[in-house]
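The values are calculated or read from the model by the stated rules, or taken from the named source; none is laboratory data. These numbers were taken from a predicted model, which means no experiment stands behind them. We place every Cβ from the backbone using ideal geometry, glycine too, and count neighbours over all the protein chains shown. For the accessible areas, the whole protein counts, side chains as well, though only heavy atoms, and no ligand, DNA or RNA atoms are used. Shrake-Rupley method; radii C 1.70, N 1.55, O 1.52, S 1.80 Å.
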Amino acid sequence: MIDDKHLNQKLSPDEETVIAQCSPQGNGAIALIKLSGSNVRNVVNAISKLPNGKTIFQLNNGTVSYGWIVDNNQIIDQVMFIVMDGPKTFTGQNTIEITCHNNQFLIEQIITQAIKNGARLAQQGEFTRRAVLNGKIDLIQAEAINELIHANTQLGLKKSLSQIEGSLSSWITSIENNLIKALAWSEASFEFLDEEEEFGVKIKEHIQLLLDQIINLKQTFDSQQQIRQGIKIGLIGSVNAGKSSLFNALLNQNRSIVTEIPGTTRDLVESGLYKNGNYWTLSDTAGIRQTNDIIEKEGIRRSIEQAAIADIILLIFDGSRILTDEELIFYKQLLSLYPNKIILIKSKSDITNQIEPIFELNNYIPFSSVTKQNLDKIENLIEQKILQLFSSIESPFLLNKRQYNALLILENKLSKIIEMLSQNFINYELISFNIREAIEIISELTGKSVTEAGLDMVFKEFCVGK
């Protein structure tokens, strides 16, 4: 139990005891502070007091004990100590978690006391980084933890949990094992020169199957971002069409300014909400019209840009007036470009003398910002669009940009090997060299051979307490 073997021993940065608040700052009953490192018991023992004269060194692994954090016998807070000895911990190291009262002054005092007695502040993602370095998880599982914390949809949450359990890691390991098999065949060709053609055919078929798997997964990357980041919904239409009114109605708050003056919204206004397990990012855009105003022109340019990047477009037109020829051209152009992601909405349906638009597509939804007519129907149509988007994504995994780029490099490498295997003369030494390089790409992907700079790039996205 006692860590005194580390008292006078110089520890590496990855063995030093680090500390961080793991619970979010803000109102709540309790907070969680985590310490992990080789001499964690020494650090905590120096700042703690237990009932009946016990010390932290006497507490058994896997126990929870009541006590106090002290500064020169002055009590800072009543706390609970959760003791977990390595290697069967998240980081693989000795770990103690302290639950204290959730007051930021108390939390800072406890962390300061620990630092005075040998701990240091954890860097971003350092606990998870240590778990990777100690072989508790691989780099892909570590990234999935961060994805889980920041998941913006229920589906994203589910897939992140699956990847923490190793679903993507297992798929990549399968690719690696099959490449090792192809390498074995290539190496064997050195010994069995008379059977070169047979080995070449075997290797080529094998590599092609792996290449097809990678291409199929990579093709779903753009769609995966909808699961990862949530759904982008653009409200687009001509000036004074009622975009901001619908925007506010969907948010159930007055986020955008609404007036009868055309061109009130000159820039993109964004706001988000969680709805039925998904995060919606609503974008209220500038109205489309001819104008000489430089600021308004820029807003209109951004509106057209938003139509391209939005997952769903709420295309809104004013039902109380006749649309100009210019407006009709604009609406018809959008309907032609993005038919599958548009929900067409006729606003101001509470006003009498409604004008029927001259559209080829007439299945629009009447909406009134005054009576909220059909607001629920619009929300249901958005949900249906989201389901259609998610149902089209067959991949069981969510790739981040680093993983996607690594698979892109791997795809290029395997394509090169296929080309080499299609030649009349096959240089198996060169084939083996390239297969080894492909296996190295996978090692970097999973973290087996990743550089220090590569790890830094991954863990800078993490919060300090993870």
> Under a point spin-label approximation (7 Å from Cα along Cα-to-Cβ), what is the Gln78-Leu381 distance to one decimal in nm?
Replying inline: 5.9 nm
> So how do 377-388, 153-164 stack up, highest first, on mean other-Cβ count within 10 Å?
Replying inline: 153-164, 377-388
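Which length gain, in nm to one decimal place, applies between Ser391 and Lys49 when the Cα-Cα distance is subtracted from 0.36 nm times their residue separation? Mind dumping the intermediate values first?
On the way: separation 342, 0.36 × 342 = 123.12 nm, distance 5.60 nm.
Gain in length upon complete extension: 117.5 nm.
How much net charge surrounds Ile409 when only the other residues with a Cβ under 14 Å from the Cβ of Ile409 are counted, with Lys and Arg +1 and Asp and Glu -1? Intermediate values should be presented prior to the final figure.
Details: positive: Lys218, Lys401, Arg402, Lys413, Lys416; negative: Glu411, Glu437, Glu440, Glu444.
With Lys, Arg at +1 and Asp, Glu at -1, the neighbours total +1.
Accessible area, 1.4 Å probe, largest first: how do Phe425, Phe247, Phe433 sort?
Ranking Phe425, Phe247, Phe433 by accessible area, largest first, yields Phe425, Phe433, Phe247.
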> Per-residue HN-Hα couplings for region 376-387, Karplus 6.51 cos²θ - 1.76 cosθ + 1.60 at θ = phi - 60°, whole Hz, x for Gly and Pro?
Replying inline: 5, 5, 5, 4, 5, 5, 4, 4, 4, 4, 4, 4
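In what sequence, largest accessible area first, do Ile351, Ile172 appear using a 1.4 Å probe?
Values: Ile351 70, Ile172 10 Å².
Ranking Ile351, Ile172 by accessible area, largest first, yields Ile351, Ile172.
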>> Straight-line reach from Lys218: which lysines fall under 18 Å, measuring Cα to Cα and dropping same-chain residues less than 8 apart?
In response: Lys159, Lys401, Lys413, Lys416
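Tally Lys and Arg at +1 and Asp and Glu at -1 over the other residues with C-beta under 14 Å from the C-beta of Trp68: what net charge comes out?
On the way: positive: Lys49, Lys54; negative: Asp71, Asp77.
Local charge sum for Trp68: 0.
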> Between Glu429 and Ser12, what length comes free when the chain is fully extended (0.36 nm per residue of separation minus the Cα-Cα distance, one decimal in nm)?
Replying inline: 146.0 nm
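Based on Cβ point charges of +1 for Lys and Arg and -1 for Asp and Glu, what charge dipole magnitude is obtained for region 67-193 about its Cα centre, in debye rounded to the nearest 20? Display every interim value, and only then the final one.
Values: 9 positive and 13 negative charges, 20 e Å.
About 100 debye.
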> Under a point-charge model restricted to the Cβ atoms of Lys and Arg (+1) and Asp and Glu (-1), what is the dipole moment magnitude of region 32-117 relative to its Cα centre, in debye to the nearest 20?
Replying inline: 200 debye
> Using bins 10 angstrom wide from zero, how does P(r) for region 31-126 break down, in % of all Cα pairs?
Replying inline: 16, 55, 27, 2
> At a probe size of 1.4 Å, how large is the accessible area of Asp325, to the nearest 10 Å²?
Replying inline: 120 Å²
>> For the pair Glu419/Thr112, report the inter-label distance in nm, with labels modelled 7 Å from Cα in the Cβ direction.
In response: 6.3 nm
> If you average the sequence gap of Cα pairs under 8 Å that are 6 or more apart and divide by the length of region 1-124, what percent do you get for the contact order?
Replying inline: 29 percent
>> Please list Glu326, Glu419, Glu176, Glu16 from largest to smallest accessible area, probe radius 1.4 Å, with all protein chains kept in place.
In response: Glu419, Glu326, Glu16, Glu176
> Once the whole set of protein chains is in place, how much accessible area is left on Ser369, using a 1.4 Å probe, in Å² to the nearest 10?
Replying inline: 50 Å²
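Using 0.36 nm times the number of residues separating Lys158 and Leu328, minus their current alpha carbon distance, what extension gain do you get?
Net length gain for the segment: 56.9 nm.
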